[in-house]
Structures are given as C-alpha cells and as structure tokens.
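Engineer: Sharing a structure here in structure tokens format.
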Amino acid sequence: MADDIVGVDPSKPSIARVYDYLLGGQDHYEADRKIGSYFTHDLPGSVTIAHTNRQALIRAIGDIADDGIGQFIDIGSGLPTADNVHQVAQRHNPDARVIYVDNDPIVLAHGRALLETDERTAVVQADLRNPEQILQSPAVQRLIDFSEPIGLIFSAILHHLNDDEHPGDLVRWWVDRLPSSSQIYISHFRSGNNAETRVAEQKLQETFGRGRWRTDTEILALFGDGLEILSPGLAYCSQWRPPSPAEGVTAIGVEYRDPSVWEQLISCALARKP
Ligand SMILES: C[S@@+](CC[C@H](N)C(=O)[O-])C[C@H]1O[C@@H](n2cnc3c(N)ncnc32)[C@H](O)[C@@H]1O
C-alpha cells in the first residue's frame with residue numbers, strides 16, 4: 001500500500017484498516033495486521049462479527065432502497081470492500097445517491113478512487129462528532145435533498161464513541177433534520193457476558209483508546225424517542241431479516257441455527273421517522 005497518504009500514520013493501527021484486514025481486504029499496514037491477527041488467531045470467532053455486520057448492512061440497504069428511499073448518508077463508512085453501500089443501493093434503485101463519511105484519511109484516498117464511480121456517490125472526510133461539517137460539505141449539499149426521505153446509516157461506528165461523546169445526541173442531531181419517512185440504521189457491539197468477549201472488548205479499547213460496547217437497552221436508546229423501530233426490532237446481525245432459504249445462505253454461510261457467542265456480540269435495528 002502507498003505510504004504517502006497525507007495524515008496516515010502506518011505505525012499506529014487504525015479502526016478502518018484493522019476492519020479491512022478482518023474482512024480480507026488489502027488496505028492495511030504491519031501495525032494493523034498485528035492487531036488483526038491477534039483477533040484471527042487468539043479469538044477467531046470474533047471475525048464473524050465483521051462479516052455478519054456487513055451482511056446485515058447489505059440487507060438493510062436493499063430494504064431501505066426497496067422502501068423507495070433513494071439517498072443515503074453512511075457515517076463511519078470504512079474502506080471500500082465487496083458490495084459497497086452505493087453498489088447495493090444502486091442495484092435496487094439505479095438512481096440512488098450515496099455519501100460516505102469517515103475520518104480516516106485512507107478512506108478518502110482509496111474511497112475516492114474506488115467509490116466515486118459516478119456523480120451520485122461521494123466521500124467526505126469528516127469526524128462524525130462534527131455533524132455540522134458533514135452537513136455543510138459540498139458533497140452533501142450537492143447530492144442530498146433534505147425534503148426527501150434519507151437512509152441514515154451508523155453501521156459499526158457508534159461503539160467507537162465513548163459515553164461522554166454522547167452518541168445518542170449525534171443521532172438525534174441528524175434525526176431532527178431528516179424528513180418524515182426517513183430510515184435510520186444502527187449496528188452496534190453488544191456488551192459481552194463472558195470472559196472471552198470481555199477480552200475482545202478490552203483489546204479494542206486498549207488498541208484504539210476509546211469506545212464502549214453497550215447493552216440492548218443502551219443500543220435502542222441511541223435511536224432516541226419518537227422513531228418507529230421496524231420489524232424485527234433489535235436483533236443479532238446474523239438473524240436480522242435473514243435471507244430466505246430460497247435465496248441461499250449468506251456469503252459466509254450464516255445458517256438458521258442458534259447464533260454463536262460471537263454472533264451475539266453485534267446487533268442492529270432499523271427505525272423510521274414518522
Ligand atoms: C468498524 S468500521 C465500520 C465500517 C462500515 N460502516 C461497516 O459497517 O462495514 C468503523 C469505521 O468508522 C470510522 N470512524 C471511527 N471513528 C470515527 C469518527 N469519529 N468519525 C468518522 N468516522 C469514524 C473508522 O475509520 C472506520 O472506517
């Protein structure tokens with residue numbers, strides 16, 4: 001990978017690059033592989049989380065687009081991977097417009113090349129803790145029409161914020177600006193109830209110096225009041241609106257069985273603004 005991307009420090013692991021490593025991508029450095037291989041070797045089940053999270057996101061984007069929503073803001077989007085949000089959305093609605101937001105400069109560098117494949121997709125480098133900067137970015141101003149329903153995506157991102165960064169207030173900031181019938185998707189790490197998963201949580205917190213896994217009650221509270229949580233409510237990502245058996249199992253072979261302890265560590269829900 002090129003070492004000259006402005007703002008990228010290859011000596012420190014980044015959330016985006018470690019996640020890319022776990023998903024089998026190519027955009028990572030030695031420091032990312034070191035932490036990534038800790039998970040793949042010492043806690044191999046934990047890699048399931050990345051895949052089931054991604055599969056649930058793909059299903060959510062398809063369903064949101066099928067509900068007639070043609071514009072998306074994906075906050076904490078990550079590096080380009082297989083089946084990116086704009087590709088999924090445009091499969092369901094060829095005119096769909098997508099804004100990717102991430103604070104990691106590598107997402108901008110790689111994302112611009114790979115994600116901005118048409119004038120309906122753009123990448124904004126910004127911190128989600130500064131929503132006004134995202135809103136005022138030229139890309140959002142150009143592509144997003146706040147008089148039409150929007151799909152707002154927080155996939156595997158809010159658990160990277162500490163409580164004193166008030167992730168629920170950030171969600172509310174956006175929800176207050178969304179028109180009626182907009183949909184809000186959140187996936188989030190769940191607090192573990194066993195030693196193995198507590199180790200994984202601690203390792204992530206030590207590595208990135210931040211973040212908190214939350215209980216189901218805390219995750220649902222991130223949506224705030226006044227939203228309609230759509231069926232099936234908050235569920236493990238692996239079980240949230242699973243594809244019908246006729247459509248086959250997902251790419252990683254998630255089948256209909258009791259979820260493993262790792263699958264129970266990430267949940268998601270989709271809500272609608274009345
Ligand atoms: C675990 S990845 C999730 C990627 C994608 N949303 C998914 O679910 O597959 C989290 C992403 O959030 C980004 N991120 C972390 N903190 C952020 C912040 N404060 N503002 C914007 N993006 C952030 C990271 O750079 C990383 O790309």
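Engineer: Rolling a 1.4 angstrom probe over the protein heavy atoms, how many square angstrom per residue are accessible across the stretch 86-219?
Structural biologist: The answer is 43 Å² per residue.
Engineer: Moving to a separate point now. Once amide H atoms are built 1.01 Å from N in the peptide plane, which residues 5 or more positions from residue 126, or in another chain, come under 5 Å H to H?
Structural biologist: 102, 103
Engineer: On a full-extension model of 0.36 nm per residue, what is the gain between residue 145 and residue 34, subtracting their alpha-carbon distance, rounded to one decimal in nm?
Structural biologist: 35.7 nm
Engineer: Here's something else I'd like to know. With a 1.4 Å probe and every protein chain kept in, tell me what percent of the accessible surface of the chain is carbon plus sulfur.
Structural biologist: The computed percentage sits at 49.
Engineer: Please give every one of the lysines within straight-line cross-link reach of residue 34, meaning a C-alpha to C-alpha distance under 20 Å, and leave out same-chain neighbours fewer than 8 residues apart.
Structural biologist: Cross-link targets: 12, 203.
Engineer: Using the per-residue mean of other Cβ atoms lying within 10 Å as a proxy for protection, in what order, highest first, do the peptides 178-191, 50-63, 25-38 fall? Write down the numbers at each step before the final one.
Structural biologist: Details: 178-191: 20.6, 50-63: 22.6, 25-38: 17.1.
So the peptides 178-191, 50-63, 25-38, ranked by packing, come out 50-63, 178-191, 25-38.
Engineer: Just to be sure I understand the model, the point goes 7 Å from the Cα along the line to the Cβ. What's the resulting residue 199 to residue 163 distance in nm?
Structural biologist: So the label points at residue 199 and residue 163 sit 2.7 nm apart.
Engineer: What per residue convex hull volume, in Å³, comes out for the stretch 93-176 when only alpha-carbon positions are used?
Structural biologist: It is 107 Å³ per residue.
Engineer: Further question: Residue-wise, which Karplus ³J(HN,Hα) couplings in Hz belong to the stretch 155-170, taking 6.51 cos²θ - 1.76 cosθ + 1.60, θ = phi - 60°, and x for glycine or proline?
Structural biologist: For the stretch 155-170, the Karplus-derived couplings read 9, 6, 10, 5, 6, 8, 9, 7, 4, 6, 9, 6, x, x, 5, 5 Hz, x marking Gly and Pro.
Engineer: Per-residue counts of other Cβ atoms within 10 Å, averaged by peptide: what ranking do you get for 262-270, 231-239, highest first?
Structural biologist: With the highest mean Cβ count within 10 Å placed first, the list reads 262-270, 231-239.
Engineer: I need the per residue convex hull volume for the chain, using only the alpha carbons, in cubic angstrom as a whole number.
Structural biologist: Here the figure is 124 Å³ per residue.
Engineer: Add -39500 (n - 2.57) for each DSSP H run of 4 or more in the chain, then divide by its residues: what number comes out at 222 nm, to the nearest 500 deg cm²/dmol?
Structural biologist: So the calculated ellipticity at 222 nm is -11000 deg cm²/dmol.
Engineer: Would you work out if the stretch 46-195 is rounded, prolate or oblate? Take a ≥ b ≥ c from the square roots of the eigenvalues of the alpha-carbon gyration tensor; rounded if a/c is under 1.5, else prolate when a/b is larger than b/c, oblate otherwise.
Structural biologist: It comes out rounded by the Cα gyration axes.
The values are calculated or read from the model by the stated rules, or taken from the named source; none is laboratory data. All values derive from a computational prediction rather than experimental measurement. Cβ atoms come from the backbone with ideal geometry, glycine included; neighbour counts cover every protein chain shown. Ligands, DNA and RNA are stripped out before the accessible areas are found, and what is left, the full protein with its side chains, is counted by its heavy atoms. Shrake-Rupley method; radii C 1.70, N 1.55, O 1.52, S 1.80 Å.
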